[in-house]
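Notes follow the structure.
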Amino acid sequence: MTVRIRNSNVYTAPSRNDFDVPTEDSPDDSASESSSIDDGRTVSRRRLLRTGINTGIAATLVWGVGAANYVSSDDLGTITYALARPEPDADSLERRTKSVPVAWHESLRLAFDAQDAIHDLGLSPLVSSFVVPGSYDEPEASISVDATEETVAERLEEVTSDIPVDVNVLDNLPEMPDEEPDTDQAYQVSELEPERVPGGVVCETDHGSGTLTPALFDAETGSRYFATSNHVFGEEGTLEEQHRSEPLAIRYEDAARQIGEVTRGYPAADLVQVEPVDDFRPATEVERADPARVIGQFTRDGLADLMARDGALEKIGAFSDRTAGEIEGVNAVTCYAGEICKPGQLVWGDEDSLTDGDSGSANFRRDPENPDDYVLVGGINNARTWWPGGDFTWGTAAYHLLEEYGLHF
């Protein structure tokens with residue numbers, strides 16, 4: 001394994017009370033498309049030297065859908081890149097598949113395994129880590145780590161085998177700015193239609209403002225919920241039942257209209273699930289997006305495939321409107337903010353991709369099979385970097401919400 005250590009002496013990651021980490025894929029064009037990732041990224045790359053990766057068999061378990069087994073040819077294998085509804089109003093999700101280089105996917109699998117092993121160590125100096133997929137031309141995946149001590153590299157060598165690891169040592173991380181955005185500057189729902197309240201509009205709590213996600217579904221019951229970031233209900237909202245029954249409102253014509261009540265919080269995902277009240281109903285839409293209709297979501301492998309091909313995501317926030325950016329890492333665990341570390345994170349864009357009040361917004365990309373009609377969600381957005389040297393946005397990936405909590409878009 002190659003471990004590279006960098007020192008960022010402008011910033012110390014805050015201590016964390018909890019590092020318990022709970023223990024799949026997208027074409028835009030043809031399945032044989034090949035592209036390289038910008039070598040300017042911080043993680044060094046080496047060509048894949050492993051042997052015996054010409055063929056392979058893998059099985060990916062999709063929650064509520066079943067097992068997707070594939071057998072590769074000498075060069076290509078099949079991944080499930082997304083889970084999507086066959087029709088907009090269907091209750092079930094179906095697998096979307098595509099072909100990818102076997103060497104690329106095998107290296108990715110090894111990196112995911114190494115990432116799991118890193119988190120099983122429970123190292124307190126570890127502030128974050130994420131998998132950086134290789135490109136199709138240079139398929140070896142690597143892992144990027146932020147830590148507060150150089151000595152963490154020695155422990156990483158014990159569990160990461162042949163996976164390259166880039167360690168960035170942090171010092172003196174400033175406190176996260178605590179600013180409440182001006183709701184008057186936020187995007188309100190354009191028309192008050194109770195039967196279809198879209199995502200991408202401002203939502204309000206007794207503690208602050210955020211952005212509403214598109215409809216969030218319970219995979220078992222098919223029930224749909226409103227949702228936004230858990231921290232929009234206050235910093236103390238670190239327990240599942242902390243905010244039960246608290247109201248969530250949207251704004252229309254400068255007046256607050258209650259649309260739901262909190263049924264549960266998910267602190268490790270920074271997500272809050274809200275039961276609709278009265279006649280309000282969450283819509284599978286993102287206001288001002290084009291197209292606006294959500295048809296499903298990317299899997300972990302699908303997000304990695306997008307990154308391998310420099311695919312960008314976009315989001316619509318209530319305060320910063322539309323921004324776009326490339327994926328920087330998948331299958332991340334972040335401990336930068338909040339009381340506990342958060343697994344299943346997606347790292348993308350830059351710090352300008354999000355602003356105060358955009359928390360809870362969804363990132364997404366056009367559905368490659370129906371690009372003029374639908375989008376697929378990558379995840380939600382919860383935070384952005386605020387320290388010198390950091391330049392990305394992060395939040396919980398949609399695949400993690402499904403695998404861990406049985407919730408999907």
Principal axes first, then extents: for the Cα atoms of segment 338-409, list largest minus smallest coordinate on each axis, whole Å, largest first.
40, 27, 20
Under Karplus coefficients 6.51, -1.76 and 1.60, residue-wise ³J(HN,Hα) of segment 302-316 in Hz, glycine/proline x:
x, 5, 5, 4, 4, 5, 4, 10, 6, x, 9, 10, 9, 9, 10
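Please calculate how many Å² of accessible area segment 198-283 carries per residue, with a 1.4 Å probe and no DNA, RNA or ligand atoms counted.
Working: 3290 Å² over 86 residues.
Per-residue value: 38 Å².
So, with +1 on the Cβ of K and R and -1 on the Cβ of D and E, and no other charges, what is the size of the charge dipole of segment 358-409 about its Cα centre, to the nearest 20 debye? Working shown, then result.
Numbers: 3 positive and 8 negative charges, 45 e Å.
So the magnitude is around 220 debye.
Tell me, what does the Kirkwood hydrodynamic radius of segment 279-337 come to in angstroms if you use every pair of distinct C-alpha atoms? Before the final figure, lay out each step's value.
On the way: mean 1/r = 0.0727 Å⁻¹.
By the Kirkwood definition, the hydrodynamic radius is 13.8 Å.
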How much accessible area does Lys98 have with a 1.4 Å probe, in Å² rounded to the nearest 10?
10
Return the whole-Å distance between the Cα centroid of segment 364-395 and the Cα centroid of segment 245-319.
12
Can you tell me the order of 374-383, 116-125 when each peptide is scored by its average per-residue count of other Cβ atoms within 10 angstrom, highest first?
374-383, 116-125
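At 1.4 Å probe size, with the rest of the protein present, what percent of the exposed accessible area of segment 293-408 is carbon and sulfur atoms?
Carbon plus sulfur share of accessible area: 35 percent.
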Could you check the simple spin-label distance between Glu351 and Glu157, using points 7 Å along Cα→Cβ, in nm with one decimal?
3.3
What is the percent carbon and sulfur in the accessible area of segment 123-210, measuring with a 1.4 Å probe over the protein chains and ignoring ligands?
39
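Direction-averaged shadow area of the convex hull around the Cα atoms of segment 198-283, nm²? Kindly include the intermediate steps, with their values, before the conclusion.
On the way: hull surface 21.5 nm².
So the Cα hull casts an average projection of 5.4 nm².
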Dipole magnitude (debye, nearest 20) for segment 73-112, charges at Cβ of Lys, Arg, Asp, Glu:
120
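The values are calculated or read from the model by the stated rules, or taken from the named source; none is laboratory data. This structure is a prediction, so every number in the text was calculated from the model and none was measured. As a convention, Cβ positions derive from the backbone with ideal geometry for all residues, glycine included, and neighbour counts pool all protein chains shown. Only protein heavy atoms, including side chains, enter the accessible area calculation; ligands, DNA and RNA are left aside. Shrake-Rupley method; radii C 1.70, N 1.55, O 1.52, S 1.80 Å.
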